[in-house]
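Since every read-out is calculated from the coordinates, none of them should be taken as a lab result. For clarity, every value in this text was computed on a predicted model and none was experimentally measured. Quick reminder, even Gly has a Cβ in these numbers, built from the backbone with ideal geometry, and neighbours come from all protein chains shown.
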């Protein structure tokens, strides 16, 4: 409630007292209470109170307080961004170069009343689309807290728009903001990732047009407008996967030309023209192959090992494991992509990692036993012995 509203209510109280000929003592008592209310409310509305106090009051009132967060940058080093993304995302160097180049322009030349950018990552499952968005958020803002992920497959019916954009007035729950509204209120300077966008209903697709065209989202329940001018929207899609795979196999097509061709493929795959026309850039992700598969599997094994507070010893992954992974992927073409191969290996090594940790090891090696992966604990005395042997061998050669 604003200060003016409180002043108006104070006037009403005084008028009622006069009309009802209440006692002067009661009048002054009520006036005093109203004045105290104004004094208490104004600092809260102006956000002058300490942050912990503001957050406590916000929670008590069912509001979502906005934290002071880093703003979306306006100047970035294209080469630095590209190098960082390539160090984390495997097999998509051309996409990353194009993304860094376009994002540098989008961030520097802000469009009045528009989002920073609306981008679409198109390609087969498990080629790094979602992961690239996560890594991009970490690089731009220093934390993945500035990434809002919405799995659009959950919103296949038109009525599910209420979960995203709020319940219209007059219906139960209309006082609560929708998920998109809440995300933009809490962290407007962020990346909003709409994962598998093609799976959402057409009605929901249309709801996003104002976010991309007008620079705000209107909550259906509260009619509050939430700006999107500090927001980067990233759509991922598997639509038209067969056509996209056919195009991306042609290594002679330059990335920029490929991106334009993919946009046409998305139109053929039932993306509405009005939606595509508001997407600034489409980036075509190529399928992973060869050594890229091995690198992804190795990184997933390293991540899994770290979850158990263990390290992989130097040269600790048997090359046969990675060769088998490449062969399995090439032969079976799993629906989940490289993730399925990596997940199968993770299932094989979990028990071994637990046993290695229980045995007091801090480092492990992975060895191939037939088509299985075996975990071998590496103890410190084993390492010292190998280092001593290596020193002796180097001395002998010298």
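Normalise the Cα radius of gyration of region 265-328 by 2.2 N^0.38 Å (N = residues in it) and let me know the number.
Taking the Cα Rg and dividing by 2.2 N^0.38 Å, one obtains 1.79.
Taking other Cβ within 10 Å of each residue's Cβ, how do 96, 312 sort, fewest first?
Sorted ascending by nearby Cβ count, the order is 312, 96.
For region 206-274 and region 326-344, write down the distance between their C-alpha centroids in whole Å.
Centre-to-centre distance over Cα atoms comes out at 28 Å.
Where does each of 376, 135 land when they are ranked from fewest to most other beta-carbon atoms within 10 angstrom?
With the sparsest Cβ surroundings first, the list reads 376, 135.
Can you work out the FRET efficiency for the pair residue 355 and residue 327, with r the C-beta to C-beta distance and R0 = 25 Å, to the nearest 0.05?
0.35
Over the Cα atoms, compute the radius of gyration (one decimal) and Dmax (the largest Cα-Cα distance, rounded to a whole number) for region 203-297, in Å.
16.9, 52
Between residue 224 and residue 203, what length in nm is gained on full extension when 0.36 nm per residue of separation is reduced by their alpha carbon distance?
Stretched fully, the residue 224-residue 203 segment lengthens by 5.6 nm.
At 37 °C and 0.692 mPa s, what whole-number value in µm²/s does Stokes-Einstein give for the translational diffusion of region 176-254, with Rh from the Kirkwood sum over Cα pairs?
229 µm²/s
Roughly how many nanometres apart are two label points built 7 Å out from the Cα toward the Cβ at residue 246 and residue 159?
4.0 nm
Using a/c under 1.5 as the rounded threshold, could you call region 78-284 rounded, prolate or oblate? The axes a ≥ b ≥ c are square roots of the C-alpha gyration tensor eigenvalues, and prolate needs a/b larger than b/c, oblate otherwise.
Prolate shape, in that a/c is at least 1.5 and a/b is the bigger ratio.
Starting with the fewest neighbours, write out 308, 226 ranked by other beta-carbon atoms found within 10 Å of each beta-carbon.
Starting with the residue having the fewest Cβ neighbours, the order is 308, 226.
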